[in-house]
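What follows is a short report on a single structure.
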Amino acid sequence: MRAILSVSNKSGIVDFARQLQDLKVDIFSTGGTKKSLSEAGLKIHGISDITGFPEILDGRVKTLHPAVHGGILARRDLPGHMDELAQHKIEAIDLIVVNLYPFVETVARPGVTLEDALENIDIGGHTMIRAAAKNFPAVLVVVDPADYDALIEKLRQGKVDLAFRKKLAQKAFQHVALYDTAISQYLLEGESFPQNMTIALEKAYNLRYGENPHQAAALYVEKVAGRKPWGITQVKQHHGPELSFNNFLDIDSAWNVVSDFEEPTVAIIKHTNPCGLSSYNDLPEAYRRALSGDPIAAFGGIVAVNRIMEIDLATEIDKTHYDVMIAAGYSEESLKLLQRKKNLRMLSMPVREKTPKGKAVEFRPITGGFLAQLKDFYTDEEFKPRVVSKREPTNKEWDDLFFAWKAVKHIKSNGITLVKDRTLLGMGAGQPSRLVSAQLALERAGDRSRGAVLGSDAFIPFPDTVELAAGGGVTAVIQVGGSIRDQQSIEAADKFNMAMVFTGVRHFKH
């Protein structure tokens with residue numbers, strides 16, 4: 001049996017090669033792999049011993065040769081192929097162990113140049129993998145060190161079954177597909193939605209189940225060339241049971257909410273919607289205010305804070321049952337206190353930098369395909385609200401209007417927020433009628449709605465929502481504007497001496 005070993009990821013390769021040699025496998029290798037194996041005391045042949053030709057062009061050409069690819073691609077069940085190998089004095093190659101240059105990691109480094117990127121595009125290894133995978137009934141191809149032990153065991157037994165060969169081939173084609181996707185992503189400039197697109201995903205682990213126990217599920221991490229891993233897939237768990245499918249949906253929503261605020265902020269999430277939200281310099285007070293938004297809904301929900309959790313905040317949170325907690329970090333005292341609750345999942349995430357506009361593409365599955373869109377984000381400089389009512393908002397109202405507008409971005413359409421003192425008093429989410437959403441928000445806020453402001457994720461097409469808000473004591477409204485009935489809503493605001501602000505952009509979240 002003859003094998004070619006040429007790997008970028010050298011994890012376990014020395015031990016694997018030693019076991020292959022114990023099984024009388026003749027090993028050929030290239031460059032750094034050959035050096036590593038030789039330094040470990042293994043007798044390894046150079047690839048030139050197969051080709052009869054030296055490596056050239058700084059190693060760019062070494063395995064691209066008929067003696068290599070003929071030995072890989074020849075079908076053993078076709079006498080004509082085997083006769084041609086004999087005619088040209090080419091020996092069959094039975095095992096290819098190759099994984100590719102770390103292109104994604106390379107282009108994610110600060111200051112990487114186009115030349116650096118191009119030098120990390122593997123050609124010979126890529127070609128050998130595809131050739132071996134094409135001929136998998138006769139040639140074994142291994143791209144993942146995790147498969148070394150299983151292969152050795154089967155070789156010791158004297159037979160590698162077709163199903164295992166097929167599994168290795170599938171992994172090989174997926175390996176090069178992810179690699180080619182990364183290169184395509186890196187070279188794509190100035191276009192978020194090319195005619196053809198592939199998404200590179202790597203499984204992190206299986207989940208217990210999906211949204212419901214009868215649904216299988218797994219967590220995948222998106223691999224994007226030029227970008228370090230980011231988002232909620234990078235969460236660190238400090239305590240508690242494993243995370244479920246629904247946990248991930250909720251913590252993603254929770255962390256997105258608090259990451260939108262520069263000020264110390266606490267959010268409480270239930271079914272991906274914030275039912276409590278407050279920004280305040282004193283975090284325990286911010287938490288108490290957030291909890292006041294809906295203390296009943298908060299039970300069993302998710303609490304998120306965009307700062308390090310200290311013991312005073314942890315002591316407050318400890319009074320209510322939550323399934324998950326996520327913060328920028330934890331003090332030793334807060335960890336010790338909260339870890340008494342064995343079923344509380346405690347997570348941390350670094351407070352992220354905002355994604356540059358136009359850089360983050362979101363995907364939503366539909367039957368038979370995906371929808372793709374840029375993330376809902378615009379800079380503070382681009383946000384230019386304008387007053388359309390006779391009365392200008394007061395400074396305090398402006399402060400709360402901005403808060404209400406940020407909050408409503410994270411609430412399912414039709415979304416309504418009621419805010420006072422940078423605290424969410426009530427919200428309406430996911431209702432077919434905007435008026436019903438407003439009714440729900442006012443009902444939740446109760447008497448606290450007097451002096452509050454209202455945020456709407458889209459335009460308010462009828463004056464009834466404004467009239468309802470005025471009846472609850474709301475003093476200012478922020479909405480998109482753009483309805484053919486805008487004037488009716490403006491007149492209603494003026495009638496009740498309310499301030500009304502148009503944003504010109506909306507925050508639909510379906």
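Here are the numbers for the structure shown:
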{"item": "Subset of segment 251-274 [assigned to a helix (DSSP H, G or I) and touching a His at 6+ places or on another chain (Cβ under 7 Å)]", "result": "SER253, ASN256, VAL257"}
{"item": "Segment 175-194, residues that are assigned to a loop (DSSP other than H, G, I, E, B) and without any contact (Cβ under 8 Å) to a residue 40 or more places away in the chain", "result": "LEU188, GLU189, GLY190, GLU191, PRO194"}
{"item": "Flag if ALA172 is surrounded by fewer than 19 Cβ atoms within 10 Å (Cβ to Cβ) and in contact (Cβ under 8 Å) with a residue 40 or more places away in the chain", "result": "no"}
{"item": "Segment 491-510, residues that are touching a residue at least 40 places away in the same chain (Cβ under 8 Å), buried (at least 21 other Cβ atoms within 10 Å of the Cβ) and assigned to a helix (DSSP H, G or I)", "result": "ALA493"}
{"item": "Criterion (in contact (Cβ under 8 Å) with a residue 24 or more places away in the chain and touching a Pro at 6+ places or on another chain (Cβ under 7 Å)) met by exactly one of ARG208, ARG165, ARG156", "result": "ARG165"}
{"item": "Selection from segment 462-486 of residues that are within 18 Å of ARG506 (Cα to Cα) and either touching a strand residue (DSSP E or B) at 6+ places or on another chain (Cβ under 9 Å) or outside any loop (DSSP other than H, G, I, E, B) (or both)", "result": "THR465, VAL466, ALA476, VAL477, ILE478, GLN479, VAL480, GLY481, GLY482, ASP486"}
{"item": "Residue list for segment 141-169, restricted to those being among the basic types (Lys, Arg) and buried (at least 17 other Cβ atoms within 10 Å of the Cβ)", "result": "ARG165"}
{"item": "Among (1) within 20 Å of LEU277 (Cα to Cα); (2) in contact with a Ser or Thr (Cβ under 8 Å, 6 or more places away or on another chain) - the single one ALA445 does not satisfy", "result": "(2)"}
{"item": "Any hit, segment 195-216, residues being buried (at least 16 other Cβ atoms within 10 Å of the Cβ), in contact with a helix residue (DSSP H, G or I) (Cβ under 9 Å, 6 or more places away or on another chain), of a type in the set (A, V, I, L, M) and closer than 25 Å to ILE317 by Cβ", "result": "no"}
{"item": "Filter pass, PRO241 being part of a helix (DSSP H, G or I), over 30 Å from GLU105 (Cα atoms) and assigned by TED's automatic domain parsing to the domain that holds LEU344", "result": "no"}
{"item": "Options VAL361, VAL453, VAL419, VAL387; residue that is of a type in the set (Val, Ile, Thr), surrounded by fewer than 16 Cβ atoms within 10 Å (Cβ to Cβ), within 20 Å of VAL257 (Cα to Cα) and touching a Phe, Trp or Tyr at 6+ places or on another chain (Cβ under 9 Å)", "result": "VAL361"}
{"item": "Close pairs (9 angstrom Cβ cut-off, 6 or more residues apart or separate chains): in the same structural domain as VAL98 (by TED's automatic domain parsing) in segment 114-131, aromatic (Phe, Trp, Tyr) and part of a loop (DSSP other than H, G, I, E, B) anywhere", "result": "GLU119/TYR101; ASN120/TYR101; ILE121/TYR101; ASP122/TYR101; GLY125/TYR101"}
{"item": "Candidates GLY32, GLY59, GLY41 - the one that is within 37 Å of the chain's Cα centre (by Cα), at positive phi and in the same structural domain as ASP116 (by TED's automatic domain parsing)", "result": "GLY59"}
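The values are calculated or read from the model by the stated rules, or taken from the named source; none is laboratory data. For clarity, every value in this text was computed on a predicted model and none was experimentally measured. Counting neighbours? That spans all protein chains shown, and the Cβs are built from the backbone with ideal geometry, glycine included.
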